[in-house]
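Let me begin by presenting the structure, written as structure tokens, before commenting on it.
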Amino acid sequence: MDILTWGRNPWDQPVLTHISWNLLWAALFAGLAFLVAHASYMIFSAHRKRHAAETDAMEIARADLPDRIVRHSLPARLFHWLMAAAMFTLLITAFLPVVGLRFPWVTWHWIAGLTLTGSILFHIIHATVWLDFWSIWVGPRDLPELRAELLRDLGHDVPGPRPGKYPLGNRLYHLAIVVVALVAVVTGLCMMVRIRTPFFTRNPYLFSDTTWGVTYVDHGLAGVTLVGLVIAHVYFAARPEKWWITKAMILGWITRRQYLEHHDPDRWAVRQLPTPNSATPNSTTPNSGLASPTL
Amino acid sequence: MAVIRDVMPAFELFQPTSVEAAQAVLDRYGAGAWVLAGGLDSLDWLKDRIRRPQAVVDLGAIAELKGIRERDGGLEIGAMTTLTEVVRHPGVRERYAILLEAAEAAASPQIRNQATIGGNVSQDARCWYYRAGWPCYRAGGNICYADTPDAINREHAILGADRCVAVNPSDTAPALIVLDAQMVIRTAGGGERVVSAEDYFVGPGIDITRMTVLEPGALLTAIRLPRTWAGAQFYFEKIRDRQVWDFALVSVASAMTTSGSTIERIRIAVNGVAARPLRLRAVEAVAEGRPRNEATAVVAANLAVEGAQPLGFNAYKVPLMRNLVKRAIRGVEAAAWTS
Amino acid sequence: MSLSRRNFIKGVIAGGAAASSAAYLFRGAGSLFGQTSAPGSVERLLSLTVNGQTRRVDVLKQETLAMTLRYKLGLTGTKIGCDRAECGACTVLIDDVPHYSCSVLTHTVRGRRIVTIEGLEGPGGVLHPVQQAVVDEQGFQCAFCLPGFVMAAVGALKTNPNPTREELAHAVSGNLCRCQDYDKILTSLLRGAEYMRRTT
Ligand SMILES: Cc1cc2nc3c(=O)[nH]c(=O)nc-3n(C[C@H](O)[C@H](O)[C@H](O)COP(=O)(O)OP(=O)(O)OC[C@H]3O[C@@H](n4cnc5c(N)ncnc54)[C@H](O)[C@@H]3O)c2cc1C
Ligand code: HEM
Ligand code: FES
Ligand code: FES
């Protein structure tokens, strides 16, 4: 199986041109294989969840918390969905032609690419200024949590730390996406110099043949990796036990019970807001009795 | 690419006598197979060592691909019919004279004696960077050498470029589009697919490495000329540097019916300006129902070149195309050349 | 067939040319003597009908007719100028129709009638009317392009024996003359047409 494709430039030097599209099939296969493997594991395994009684007890203890806890602000959610739309457009425009559904894709692709770039810039600023920037990152201090999560996955009942705002899996995923999407964005922006856009005069000779080759290959590698990552992401978002997280990305909030069951209140402290009318458990108006955690 | 004057590298040669047998060989060799018709495009690639097929499948022994037949009040031209046979055919002369003119304008007499109409519409781009074997987009690479700040691109596209700026070189193509010809394709699976000439050609936005919709393993078997435009008023003009051998810088083909001095129906196509021959639908729409005069021709011609984006050395193609469209609509005598 | 001195000398020269150029021209052609055959592909050994004679030749699958004529059959009257269908020097008649022999695979003309410049002369070395006209009019300068022009004209005269100067110019428009001698070439070819009409 070829992984990269080569050509010979006018000086008869070998230059990289693209990744081989075999890799697309490999990424699709890997994504789906992971999905099947994980789904079968979840069906047959003894994954340890917090006992209902435990959570009941915590809920009584923390009755001071409102019953809805803001997880994602409106701008954060808008960013997320805008980015998702851009990402899907990029994937579709890049790969449908490869699998045989042909259409003039390049213009749509770079427009989606700029949308993605814009929304990422917005996200970085937003997260730095308004959110707890470090809440999404992983570092050595997460090792105990990793150990606890793995043990729970293996069916052990361990006390270990619970996540803050973002479960460890989320944070690892975010890290992967940051690296890969940044590669796609940076290379993609460079590649815009090769095509006709309204912004500047094309200059295909901006970089050397070798550099361009590497740029195209990196862009392609990032692209196919994103296929795998997006499959995994969509899969997790659709899993029943993770559905509460997905819902929060739509509606913005989670329930007090979900907050207590899945998070470590010390690592993701909810800032108590003075609520004029205390919420009732069956409240239907989403905005009543909302508490804003430190985001 | 330096011209090499020894024998080509070795390949297997097959001379099947049926389309099925030909496709069996194509299937067996996959990407290593090459379809050979008259060879006037093919042999350049092989001699220059830019394409090195393992197996060449010569269609010359397949009787069903040859000759011109009557069909549904129109004509069916086998893909392996030579351009000279097309030019000499009385049915073509009487009803589809524009195809005669277009075929007669191609290449040189000896080439027309051997080049097939199927090969003529399926021939590859003549961009010399591509032909030299450089790794451009069309060759599977990631650059268009003809669309760089210092590129020599006098022959290249002014319309419809999408990364690649090569143009379609076929002279018969615009005439076939104007006649609403139907291209009969035998797909790799053995099924028959009929596409209109207009849809037979693809631009780089859709597929940057191919000129036509032919998938690997598929064969063009025949070209059908329906009755629709038989005997209409035709116009064909090809502008080139030398009157022999040279490909069109711009060519125009049109068919129209008039009632009195009003244009009733018109079809018009150009080639040499984009990676595929372009049917000018907007021009047809404005011209239909208008008088056939200078004013209509000017409006139509200006519309035709709307959106043209010339490269470093081919801006001349814009007025050239405008004038050709004007002449096609107004007629030669009255249409003044403008630049 | 009586072996005339002239033919004998021609044969020796041609044989020498074939032997000496073969090694050079076919060197890149893969295993010349050991080309294997895939099932269903063509046989290398074939019979060609050239200038009225049937000749058995061993032809590479990728060999062009110009190569076979010049380097296998010794018929070096057919010239190779460009080898890319762009000059006409290699023009021969295939079933009476002019073709560029540099752009025809020899295997595709099995069973067809090939005529080269050597095949024009009549019995006893009588020149073809077009050849005679060329001699009479002194139409060419270096004459490298001559065989191609003559073959193109002879082919065209078969379908149109009485061409105008313009028609004949069109018929030989697929031939280039490096000496730029077109006017005189046309005059001699037209004279050839006239000679032909006179002889029939
Ligand atoms: C010097 C020169 C000048 C020329 N000038 C002109 C010109 O001015 N105008 C013009 O229109 N043309 C011109 N041509 C091109 C020529 O007219 C040929 O008609 C054309 O390129 C190919 O026809 P062919 O039959 O020789 O096909 P080939 O060269 O054998 O085939 C051409 C391509 O089409 C494919 N193909 C052929 N037939 C089929 C089929 N039935 N099904 C599927 N695929 C097929 C082949 O695989 C190949 O890729 C010129 C060519 C030369 C060499
Ligand atoms: C993030 C998801 C993205 C994916 C999956 C993706 C995928 C791809 C793929 C597979 C190609 C073809 C590469 C090749 O031919 O080797 C491509 C080309 C391209 N991409 Fe992206 N891309 C992404 C993001 C971007 C972004 C953010 C931009 C720009 C802002 C961008 C701009 C381009 C351009 C301009 C091309 C065309 C280059 C050419 O053909 O010359 N892409 N992309
Ligand atoms: S050698 Fe054949 S045309 Fe020039
Ligand atoms: S006479 Fe010298 S090339 Fe024609």
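At-a-glance table
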quantity: Förster radius 22 Å - calculated FRET efficiency between A:W21 and A:V186 (Cβ-Cβ, nearest 0.05); calculated: 0.50
quantity: Solvent exposure ordering (accessible area, 1.4 Å, most first) of C:K79, C:K184, B:K238; calculated: C:K184, C:K79, B:K238
quantity: Accessible area of B:D150 in the full protein assembly, 1.4 Å probe (Å², nearest 10); calculated: 110
quantity: Minimum 10 Å² accessible area buried by the other protein chains, the stretch C:141-190 residues, probe 1.4 Å, relative to alone; calculated: C:T159, C:H170, C:A171, C:S173, C:G174, C:L176
quantity: Percent antiparallel among DSSP beta bridges (both partners in chain B, rounded to 5); calculated: 85
quantity: Spin-label pair A:L74/A:T210, simplified geometry with 7 Å Cα→Cβ offset, distance in nm; calculated: 5.3
quantity: Helix runs (DSSP H) in chain B reaching 30 Å along axis by Cα, Kyte-Doolittle at least 0.0; calculated: none
quantity: Listed residues B:S251, C:S37 arranged by accessible area, highest first, probe 1.4 Å; calculated: C:S37, B:S251
quantity: Per-residue SASA entry for B:V299, accessible area with 1.4 Å probe, Å² rounded to 10; calculated: 60
quantity: Percentage, to the nearest whole number, of Cα pairs in the stretch B:11-61 over 15 Å apart; calculated: 39
quantity: Accessible area (Å², 1.4 Å probe, nearest 10) - A:R257; calculated: 80
quantity: Threshold 10 Å² - residues in the stretch C:48-62 whose accessible area is reduced by that much or more when the chain is no longer isolated, probe 1.4 Å; calculated: C:K61, C:Q62
quantity: Unit charges on C-beta of K, R, D, E only; dipole of the protein assembly as shown, Debye; calculated: 300
quantity: Extension gain from A:V178 to A:D12, taking 0.36 nm per residue of separation minus the Cα-Cα distance; calculated: 56.1 nm
quantity: With every protein chain in place, the protein assembly as shown: carbon and sulfur % of accessible area (1.4 Å); calculated: 61
quantity: Most to least accessible of B:D6, C:D95 (protein chains only, probe 1.4 Å); calculated: C:D95, B:D6
quantity: Paramagnetic reach from B:E94 (point 7 Å along Cα→Cβ, amide N under 16 Å) across the stretch B:229-271; calculated: B:229-232
quantity: Mean separation of Cα contacts under 8 Å (6+ apart) over length of chain B, as relative contact order %; calculated: 16
quantity: Mean accessible surface per residue for the stretch A:75-246, computed with a 1.4 Å probe while every protein chain stays in place, in Å²; calculated: 51
quantity: Equivalent ellipsoid semi-axes, the stretch C:123-199, via Cα gyration tensor eigenvalues times 5, rooted, Å; calculated: 17, 15, 10
quantity: CD proxy at 222 nm, helix term only [per DSSP H run n ≥ 4: -39500 (n - 2.57); per residue of chain B; nearest 500]; calculated: -7500 deg cm²/dmol
quantity: Given charges at beta-carbon only (K, R positive; D, E negative), |dipole| of chain A in Debye; calculated: 460
quantity: Cα principal axis extents for the stretch B:242-339, largest first, Å; calculated: 42, 30, 25
quantity: Approximate spin-label separation B:E306-B:T258, in nm, with each point projected 7 Å along Cα-to-Cβ; calculated: 2.5
quantity: Rg [Å, one decimal], Dmax [Å, integer] - the protein assembly as shown, C-alpha atoms; calculated: 35.7, 126
quantity: Degrees between helix A:106-129 axis and first principal axis of chain A (Cα, 0 to 90, nearest 10); calculated: 40
quantity: Accessible area buried, both sides summed, chains C and B with 1.4 Å probe, Å²; calculated: 3200
quantity: Surface per residue (accessible, 1.4 Å probe) for the stretch B:11-61, Å²; calculated: 36
quantity: Largest to smallest principal axis extent of the C-alpha atoms in chain B, angstrom; calculated: 59, 52, 33
quantity: Among C:C82, C:V109, C:V57 - extreme Cα towards positive end, dipole of the stretch C:43-120, charges at beta-carbon; calculated: C:V57
quantity: Rounded tilt (10° steps) of A:22-44 against the dominant C-alpha axis of chain A; calculated: 20
quantity: Where B meets A: accessible area buried, both sides, 1.4 Å probe, Å²; calculated: 1800
quantity: Residue-by-residue Karplus 3J(HN,Hα) for the stretch C:163-171, coefficients 6.51, -1.76, 1.60, Hz, glycine and proline x; calculated: x, 6, 4, 5, 4, 5, 4, 4, 5
quantity: Rounded to 10°, Cα long-axis angle of helix A:168-191 versus longest principal axis of chain A; calculated: 30
quantity: Two-site FRET efficiency, A:L150 against A:L101, from Cβ-Cβ distance with R₀ of 35 Å, rounded to 0.05; calculated: 0.30
quantity: Cα centre as origin, Lys/Arg/Asp/Glu Cβ charges: the stretch B:230-331 dipole, Debye; calculated: 80
quantity: Viscosity 1.306 mPa s, temperature 10 °C, Stokes-Einstein D of the stretch B:1-112 from Kirkwood C-alpha radius, µm²/s; calculated: 100
quantity: Over chain A, equivalent-ellipsoid semi-axes from the Cα gyration tensor in Å; calculated: 42, 23, 16
quantity: Mean separation of Cα contacts under 8 Å (6+ apart) over length of chain A, as relative contact order %; calculated: 32
quantity: Cα-projected label distance for A:S45 with A:L32, points at 7 Å along beta-carbon direction, nm; calculated: 2.3
quantity: Efficiency of FRET between C:D96 and A:M249 - r from beta-carbon atoms, R0 51 angstrom, step 0.05; calculated: 0.05
quantity: Counting DSSP beta bridges with both ends in the protein assembly as shown, the antiparallel % (nearest 5); calculated: 85
quantity: Beta bridges per DSSP with both ends in chain A, % antiparallel, nearest 5; calculated: 85
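The values are calculated or read from the model by the stated rules, or taken from the named source; none is laboratory data. On a predicted model such as this, the values are computed, not experimentally measured, just so you know. Quick reminder, even Gly has a Cβ in these numbers, built from the backbone with ideal geometry, and neighbours come from all protein chains shown. What goes into the accessible areas is simple: the full protein's heavy atoms, side chains included, and nothing from ligands, DNA or RNA. Shrake-Rupley method; radii C 1.70, N 1.55, O 1.52, S 1.80 Å.
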